[in-house]
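Read the structure below first, then the notes.
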Number of protein chains: 2
Amino acid sequence: MINTIPGNVIAPKGFKAGSVHCGLKRDKRNHDIGIIFSEQPCKAVALFTTNQIVAAPIKQSRNAIQNGTVQAIVVNSGNANACTGKKGEKDAETMALLASKHLNIKPDEVLVASTGIIGHHLPMAKIKSGISKSSEHLGNKNTHAINIAKAIMTTDLVHKHIAVKAKIGGKEVTIGAIAKGSGMISPNMATMFCFITTDAAISLNTLRSCIKKSTESSFNQITVDGHMSTSDMVAILANGMAHNRAITSSTKSDLALFQEALDHVTLKMAKEIVKDGEGATKFVQIEIHETKSISDAKKIARTIAESPLVKTAINGEDPNWGRIVSAAGYAGVTLDESKLKLAINKITIYKKGLPVTPAPNKLNSAMKKKEITIQLHLGMGNKSATLWTCDLSKEYVKINADYHT
Amino acid sequence: MINTIPGNVIAPKGFKAGSVHCGLKRDKRNHDIGIIFSEQPCKAVALFTTNQIVAAPIKQSRNAIQNGTVQAIVVNSGNANACTGKKGEKDAETMALLASKHLNIKPDEVLVASTGIIGHHLPMAKIKSGISKSSEHLGNKNTHAINIAKAIMTTDLVHKHIAVKAKIGGKEVTIGAIAKGSGMISPNMATMFCFITTDAAISLNTLRSCIKKSTESSFNQITVDGHMSTSDMVAILANGMAHNRAITSSTKSDLALFQEALDHVTLKMAKEIVKDGEGATKFVQIEIHETKSISDAKKIARTIAESPLVKTAINGEDPNWGRIVSAAGYAGVTLDESKLKLAINKITIYKKGLPVTPAPNKLNSAMKKKEITIQLHLGMGNKSATLWTCDLSKEYVKINADYHT
C-alpha cells in the first residue's frame with residue numbers, strides 16, 4: 001500500500017531544504033539556488049548523463065559519490081556551468097566547499113548540480129551568497145519543500161515533486177523526490193534532475209540496484225526533443241532514520257516493497273517531465289509489443305517518439321498513422337509489414353500491412369484527447385517496452401528560437 | 001568544364017517527357033502524373049529507400065531494375081501507394097503495364113514511382129487516364145521539362161531541376177535531372193526522388209559505381225526532419241545517344257569527367273531539396289573535421305543536424321553554440337572536449353573546451369545570414385564530412401500539424 005503525502009524531499013525523516021534567489025534568474029521571486037540536507041550521513045547513489053560533453057558539476061559529483069556517502073546536495077538553476085573548462089571545474093568544487101563549511105560536513109559529502117545556459121562562467125559572488133543564505137534557511141516546512149522544487153526549474157512551467165509512504169520492515173518508510181526538466185530531454189539516462197530522498201535503512205548495493213532498475217523504465221524511457229543534456233543527474237540519498245530492518249538483497253519482500261514505492265516515485269517524476277515538455281499540448285504513451293527483445297521495442301518506441309512528423313501530426317490531432325508505421329520501418333529493427341498491428345487510443349487503424357477500412361469514425365475524436373496512447377504490435381516475439389513523449393508544437397519552436405544566449 | 005543548360009531530364013539526346021493533371025492533386029493547374037521516356041533503351045541503375053516499410057512502387061521498381069535496362073519512368077504525386085498491401089502492389093504493376101503498352105516497350109523496362117500520402121489506395125481510373133494522356137503529351141520542349149519537374153512536387157514550394165553539358169570521350173555529353181523532396185527527408189539513402197537522364201555511353205557497372213559514389217556525398221548527406229520515407233528513389237538512365245567513347249573503369253579521364261558532372265548534378269539537387277525543406281528559412285552546412293574516420297564525422301554531423309534545439313536556435317538566429325557542442329557529445333563518437341574548436345560562419349566561438357571571450361561581435365549579425373556554415377574540428381584525426389540541413393520553424397510545425405490525412 002503506497003500512500004502519497006506532501007513534503008517531497010523533506011518528507012522523509014531527517015531531511016531539510018533551503019533555497020533563495022541569488023540573482024541567476026532575472027525575476028527576484030524565483031528561487032535559483034538551494035540545498036537539500038540530511039541530519040545524518042546518507043548512503044547515496046547517483047546516475048549521470050552519458051553525454052561525453054559533461055558539465056563541471058557532473059565531474060565534481062562523479063568524484064564525490066565514489067565513497068557512497070552524501071549528506072547534502074547543492075543545486076542552482078539559470079546556469080549549467082557546462083563547457084566552462086578548468087575554471088568551471090574549480091567553481092563546482094568551490095560550491096561543494098562552501099556548502100560543506102556552512103553545513104559542517106566534508107566537501108566530498110556534497111553533490112553539486114547546475115542547470116541552465118551552457119558556456120557561461122558562474123557568477124561566483126552570487127553563488128557564494130546564495131549558498132550561505134540557503135544554508136541559513138534550511139527547514140522542513142511545506143514551503144521549504146515547494147521552494148526547493150521551484151528553485152531547480154528552468155523552462156519548466158510546473159514544479160515536479162512527490163512523496164510516498166509505505167510500511168517496510170515493520171516501519172513507515174518515506175521516499176520523496178523533486179525533479180526538473182522540460183527541454184533537452186532524451187535521456188539515455190536522465191537529461192534532467194531528479195533528487196530522491198528516503199529515510200529507509202538500505203544497503204548501498206541494494207540502493208544502487210534499485211535506482212538503476214527504476215531509472216531504466218522511467219527516466220531512460222522518456223524523450224521530449226531527443227537532445228541529451230550535459231548536466232543530467234538522478235541521485236538518491238538514504239539516511240536510515242526510519243529504523244526499518246535494513247533492506248538488502250536477502251530481505252526479498254521488503255526489497256520488493258521498496259522497489260515498488262521507488263518505481264512509483266520515478267515514474268511519476270518522469271511522466272511529469274514529459275507532460276511539462278517544452279510547448280507540449282499532448283502526453284503520448286508509446287507501447288511496442290510482440291518484439292524479439294526489449295531493446296528492439298525500445299528502439300522502435302524511441303524512433304517513433306523522435307520523429308518530428310509523428311510529433312507534429314499528434315499536435316495537429318491528425319491520425320496520420322503512416323508516419324508512425326514508416327518511423328518503425330527505419331528504427332533498425334527487423335520487422336514484417338504483414339504482421340504489424342497499430343492502434344491509437346485502443347482504436348485499431350492498421351492491421352496485417354493494410355489500413356482498416358473504412359477508417360474508424362471515432363478516431364478523429366480520439367485524437368482530440370489530451371493523452372494519446374499508441375500501441376504497435378510487431379508479431380515477432382513476446383517482449384515489449386513503453387516510452388513517454390509529447391507532441392511538437394509551434395510553441396516549442398517559439399520557446400527555443402527565442403531563448404537567446 | 002561543366003556548363004549548365006536548360007531542359008533538365010529531356011536535355012540529353014533522345015529523352016522526352018509528358019505530364020498532366022489526372023485528379024490526384026486538388027488544384028487542376030498542378031500536374032500530378034508524368035512519364036520520362038527514352039527513344040532508346042537505357043542502361044539504368046536505381047537506389048531505393050532503406051526503410052523496411054517500403055511503398056508498393058519501390059517493390060515494383062526493385063524488380064524491374066534487375067536486368068539493368070529501363071526505357072521509361074512513370075511517376076505520380078499526391079498518393080504514395082504505401083502501406084497498401086497486395087492491392088497496392090497490383091496497382092503499381094498495373095501502372096508499369098499501362099505505361100509499357102502506350103510506349104510500346106516491355107513492362108519490366110518501366111520504373112514506377114509514387115509520392116504523397118501514405119495508406120490510401122490509388123484511384124486507378126484517374127491513374128489510367130493520366131498515364132494515357134501523359135504518353136500522348138510526350139515531347140522535348142522546355143515546357144515539357146518544367147511540367148515534369150512540377151508534376152513530382154508534393155509539399156515542395158519550388159521545382160528542382162538541372163542539366164549540364166561536358167565534353168567527354170570526344171563528344172558533348174549531357175546529364176539532366178529533376179528532384180522532389182521537402183519533408184520526410186533524412187536519407188540514408190534518399191527519402192526523395194531524383195530522376196537523372198544522360199545520353200552518355202557508359203557501362204552498366206560503371207554507371208552503378210558512379211551513382212552510388214555520387215549519392216553517398218549528396219542525397220545521403222542531407223536531412224530535413226530525420227524521418228526516412230518509404231518511397232525514395234534515385235534513378236539514372238543512360239541511353240548512349242551521345243556516341244562518346246564508352247565510359248568504363250578503364251577510361252580514367254573520361255570517367256573522372258563524368259563523375260564530376262554527375263556529382264555536380266546530384267549535389268545541386270540535394271542542396272535544393274534542403275533549401276526547400278518544409279518551413280525552412282535557413283540553409284545550413286555542417287562540416288565536421290579532424291575525425292578518425294569519415295563515418296565518425298558523418299555521425300556527428302547528423303546528430304547536430306537532427307537536434308531540434310540546434311535547428312530552432314538557428315531559426316531564432318541565436319548563436320547558441322552550447323547546443324551544437326552538446327549534440328556532438330551524444331553522437332556516439334569518442335571526443336575530447338579540450339581539443340574541440342567550433343566556428344559559425346568562420347567566426348570561432350569555442351576553442352579547447354572554452355568559449356571565446358568576449359563573444360565575437362560579428363556573431364550576431366552572422367546568424368542573420370540566410371546560409372549558415374557550422375565547422376567543428378575534433379582534433380582526433382584527418383577525416384571529414386559535410387552534411388546539409390535547414391532550420392526548424394513554426395512554419396514546419398504548421399505544415400505538418402495541418403497536413404491532414
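What follows is calculated from the coordinates using simple rules that are stated; it is not laboratory data. The structure displayed is predicted, hence computed values, not measured ones. Ideal geometry is used to build each Cβ from the backbone, glycine not excepted, and the neighbour counts take in all protein chains shown.
Taking only C-alpha pairs under 8 Å that are 6+ residues apart, what is the relative contact order of chain B in percent?
Values: 1066 pairs, mean separation 69.9, N = 405.
17 percent.
To make sure I understand the rule: partners must be aspartates and glutamates, Cα under 15 Å from the Cα of A:K271, and not fewer than 8 residues away in the same chain. Which ones qualify? Filter leaves A:D156, A:E216, A:D225, A:D263, A:E287, A:E371, A:D391.
Semi-axes of the equivalent ellipsoid of region A:81-172: what are they in whole Å, largest first, if each equals the square root of 5 times a C-alpha gyration tensor eigenvalue?
Numbers: eigenvalues 154, 65, 39 Å².
Those come to 28, 18, 14 Å.
Under 8 Å for C-alpha pairs, at least 6 residues apart: give me the relative contact order for region A:42-128, rounded to a whole percent.
Working: 157 pairs, mean separation 32.3, N = 87.
Reported as a whole number, the value is 37 percent.
So how do A:D32, B:D296 line up by other beta-carbon neighbours within 10 Å, fewest first?
On the way: A:D32 28, B:D296 23.
The fewest-first ordering by Cβ neighbours comes to B:D296, A:D32.
Only Lys, Arg, Asp and Glu count, each charged at its Cβ (+1, +1, -1, -1), so figure out the dipole size of the protein assembly as shown about its Cα centre, rounded to 20 debye. Don't jump to the answer; show the numbers that get you there.
On the way: 102 positive and 66 negative charges, 36 e Å.
Magnitude of the dipole: close to 180 debye.
Seen from all directions on average, chain B presents a Cα convex hull projection of 19.4 nm².
Closest approach of any chain B Cβ to the axis that rotates B onto A belongs to B:K394, 2, distance given in whole Å. A label point on B:T357, set 7 Å along the Cα-to-Cβ line, lies at 6.5 nm from each of its counterparts in the other copies, closest listed first. Here the 3J(HN,Hα) profile of region A:257-265, calculated from phi with Karplus coefficients 6.51, -1.76 and 1.60 at θ = phi - 60°, is 5, 5, 4, 5, 5, 5, 4, 4, 5 Hz, Gly and Pro shown as x. Highest GNM mean-square fluctuation among A:A200, A:A46, A:A331, for chain A modelled with Cα contacts below 10 Å: A:A331.
In order along region A:113-119, the phi-based Karplus estimate (6.51 cos²θ - 1.76 cosθ + 1.60, θ = phi - 60°) of 3J(HN,Hα) comes to 9, 9, 9, x, 6, 9, x Hz; Gly and Pro are listed as x.
Placing unit charges on the Cβ atoms of the charged side chains and taking the dipole of the protein assembly as shown about its Cα centre, the candidate lying farthest along the positive direction among A:L340, A:A82, B:G240 is A:A82. For region B:272-287, backbone nitrogen atoms closer than 12 Å to the point 7 Å from B:T4 Cα along Cα-to-C-beta are found at B:272.
Rounded to the nearest 20, the size of the Cβ-charge dipole of chain B about its Cα centre is 320 debye, with Lys and Arg at +1 and Asp and Glu at -1. Most simply put, the protein assembly as shown has about 70% antiparallel DSSP beta bridges, counting only bridges with both residues inside it. Looking at region B:66-206, the DSSP beta bridges with both ends there are about 65 percent antiparallel. Per-residue mean of foreign Cβ neighbours for A:45-55 is 4 (Cβ atoms of other chains, 10 Å radius).
Straight-line reach from B:K362: taking Cα to Cα under 14 Å and skipping same-chain neighbours fewer than 8 places apart, the aspartates and glutamates in range are B:E317, B:D318.
Go through A:K275/B:K398; B:K212/B:K298; B:K213/B:K282; B:K282/B:K394 and tell me which ones have a Cα-Cα distance over 24 Å in this structure. Intermediate values should be presented prior to the final figure.
Details: A:K275/B:K398 21 Å; B:K212/B:K298 17 Å; B:K213/B:K282 27 Å; B:K282/B:K394 13 Å.
Where the Cα-Cα span goes over 24 Å, the pairs concerned are B:K213/B:K282.
In the assembly of identical copies, B:S209 has its label point, taken 7 Å from Cα in the direction of the beta carbon, separated from the corresponding points by 5.7 nm (ascending, one decimal). The mean number of partner chain beta-carbon atoms within 10 angstrom of a residue's beta-carbon across peptide B:218-225 is 1. The mean of 1/r over all distinct Cα pairs in region B:283-402, once inverted, gives the Kirkwood hydrodynamic radius of 14.4 Å.
Using helices alone, what [θ] at 222 nm do you get for chain A, with -39,500 (n - 2.57) per DSSP H run of 4 or more residues, divided over all residues and rounded to the nearest 500? Please list the in-between numbers first.
On the way: 11 runs with 131 residues, N = 405.
-10000 deg cm²/dmol, from helical runs alone.
For A:M124, the label point sits 7 Å beyond Cα toward Cβ; its separations from the matching points on the remaining copies run 7.7 nm, from shortest to longest. Exceedance of the 29 Å cut-off in Cα-Cα distance is limited, within the set A:K339/B:K150; A:K13/A:K101; B:K346/B:K383, to A:K339/B:K150.
Let me check against my output: what whole-number percent is the relative contact order of region A:89-147, with C-alpha pairs under 8 Å and at least 6 apart? Show your work: numbers first, answer last.
On the way: 31 pairs, mean separation 20.8, N = 59.
Taking the mean separation of contacting Cα pairs over the length of region A:89-147, I get 35 percent.
Dividing the convex hull volume of the alpha-carbon atoms in the protein assembly as shown by its residue count gives 155 Å³ per residue. Of B:E290, B:E278, B:E172, A:E371, the sequence from fewest to most neighbouring Cβ atoms within 10 angstrom is A:E371, B:E172, B:E290, B:E278.
What list do you get for A:K13, B:K212 if you sort them by fewest beta carbons within 10 Å?
Details: A:K13 22, B:K212 14.
Least to most surrounded, the residues fall as B:K212, A:K13.
Rounded to the nearest 20 debye, the dipole magnitude of region B:283-402 is 260 debye, with +1 charges on Lys and Arg beta carbons, -1 on Asp and Glu beta carbons, and the Cα centre as origin.
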